[in-house]
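Q: Got a structure here, written out as structure tokens. Questions coming.
The values are calculated or read from the model by the stated rules, or taken from the named source; none is laboratory data. Keep in mind that what you see is a predicted model, and the values were worked out from it rather than measured. We place every Cβ from the backbone using ideal geometry, glycine too, and count neighbours over all the protein chains shown. Keep in mind that these areas ignore ligands, DNA and RNA; they rest on the heavy atoms of the full protein, side chains included. Shrake-Rupley method; radii C 1.70, N 1.55, O 1.52, S 1.80 Å.
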Amino acid sequence: MEKLIITAAICGAEVLKEHNPAVPYTVEECVREARSAYEAGASIIHLHVRYDDGTPTQDKARFKVIIDAIKAACPDVIIQPSTGGAVGMTDDERLQPTELHPEMATLDCGTLNFGGDEVFTNTENTIKYFGQRMIELGIKPELEVFDKSMIDMALRMYKKGFIKAPMHFDFVMGVNGGIGGDMRDFVFLRHSIPADATYTVAGIGRYEFPLAACAIVDGGHVRVGFEDNVYLSKGVLAKSNGELVEKVVRLAKELGREIATPEEARRILGLK
């Protein structure tokens, strides 16, 4: 079994300091949270960026400042910018961080009802556009899937040449409007991807650590972080992203799985 790749989604676009005071907005706060996750064992930093007041942005210049600062603190970490951005952003706005030529970036594979009137739109043409851009720039896409139909869309895009193999999926589970976070749901998604594909599981809220355990045992990989969950346990706020990563490392140790370094993660994901 390959070593475990841990991704830390350190801030997201929606979670606020009102949810947890440690949620990072500023450059310095993002560096602090990235370093805490990296030092705890994360190989990948999944990155949204904010302005200092917490407003989400896909501005290329803001991404560059924060990526450069994280790289100065954690030189070998893999930084994976989000192209999801926030609800209502245009495709070109969302794609701005790809102009910085990261090793990886996310590629959302379908539309989702987030709740109320919020719809996270990813049309077929959007997915094609994003996939082609990443091929042209040599960026490995992490295929964000919120239910089984999005896996099917990714496989269709692969057959049409907009996504290259081997594919790497992120099962985002427990989001309002998407698939649930039970073991049944995990098994369903797990057995719906190609044999040569890799995957990460991102359980939202209370699903984070039970799904992490499923992925650890199965040979998959794990994402944790404030974007997905701000609690270390029921009613106990995590003090940092690093605390969430440390909990996964403890789980992996108990279950006999070693943790991948960034260089080992690059090999496993075909980034080098």
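Q: Quick check: at a probe of 1.4 Å, how many percent of the accessible area of the chain sits on carbon and sulfur atoms?
A: 53
Q: Expressed as a whole number of Å, what is the distance separating the alpha-carbon centroids of region 4-24 and region 37-110?
A: 13
Q: Could you tell me which of the pairs Lys64/Lys239; Lys60/Lys253; Lys159/Lys253 are separated by over 28 angstrom between their Cα atoms in the structure shown?
A: Lys60/Lys253; Lys159/Lys253
Q: Give the cross-link partners of Lys140 among the aspartates and glutamates, using a straight C-alpha distance below 16 Å as the criterion and excluding same-chain residues fewer than 8 apart.
A: Leaving aside aspartates and glutamates fewer than 8 places away in the same chain, those within reach of Lys140 are Glu99, Glu103, Asp108, Asp170, Asp196, Glu263, Glu264.
Q: Can you pull a Stokes-Einstein diffusion coefficient for the chain at 10 °C (1.306 mPa s), Rh from Kirkwood over Cα pairs, as a whole number of µm²/s? Could you put the intermediate results ahead of the total?
A: Details: Rh = 18.2 Å.
Taking Rh from Cα pairs, D becomes 87 µm²/s.
Q: Related question: Pulled fully out, how much extra length does the chain show between Ile135 and Arg250, if you take 0.36 nm times their separation in residues and subtract their Cα-Cα distance?
A: 37.7 nm
Q: Modelling each spin label as a point 7 Å along the Cα-to-Cβ direction, I'd like the Ala73/Ala195 distance in nm, to one decimal.
A: Here the modelled spin labels are 4.3 nm apart.
Q: If packing is taken as the average count of other Cβ atoms within 10 Å, what order do 252-259, 197-204 fall into, highest mean first?
A: Packing order, densest peptide first, comes out as 197-204, 252-259.
Q: Per residue, how much accessible area does the chain show when a 1.4 Å probe rolls over the protein heavy atoms, in square angstrom?
A: Dividing the accessible area of the chain by its residue count gives 42 Å².
Q: Less than 9 Å Cβ to Cβ from Pro56, Lys/Arg counted +1 and Asp/Glu -1: what total charge do the surrounding residues give?
A: Spelling it out: positives minus negatives among the neighbours equals 0.
Q: Pulled fully out, how much extra length does the chain show between Val187 and Glu263, if you take 0.36 nm times their separation in residues and subtract their Cα-Cα distance?
A: 24.5 nm
Q: Further, regarding this structure: Between Asp152 and Glu18, what is the label-to-label distance in nm when each label sits 7 Å out along the Cα-to-Cβ direction?
A: 3.8
Q: With labels modelled as points extended 7 Å from the Cα through the Cβ direction, what inter-label distance (nm, one decimal) is found for Val119 paired with Lys272?
A: 4.4
Q: Would you compute, from DSSP H runs of 4+ residues alone, the mean residue ellipticity of the chain at 222 nm, taking -39500 (n - 2.57) per run and dividing by the full residue count, rounded to the nearest 500?
A: Working: 9 runs with 99 residues, N = 272.
-11000 deg cm²/dmol, from helical runs alone.
Q: Could you tell me the distance between the Cα centroids of region 238-272 and region 114-154, to the nearest Å?
A: 25
Q: How long are the three semi-axes of the equivalent ellipsoid of region 138-234, in whole Å, if each is the root of 5 times an eigenvalue of the C-alpha gyration tensor, listed from largest down? Numbers along the way, then the final one.
A: Details: eigenvalues 110, 33, 32 Å².
Semi-axes from the Cα gyration tensor: 23, 13, 13 Å.
Q: Loop only by DSSP, 16 or fewer other Cβ within 10 Å of the Cβ. Give me the trypsin sites (Lys or Arg not before Pro) in region 103-183 that pass, ordered by residue number.
A: Lys160, Lys164
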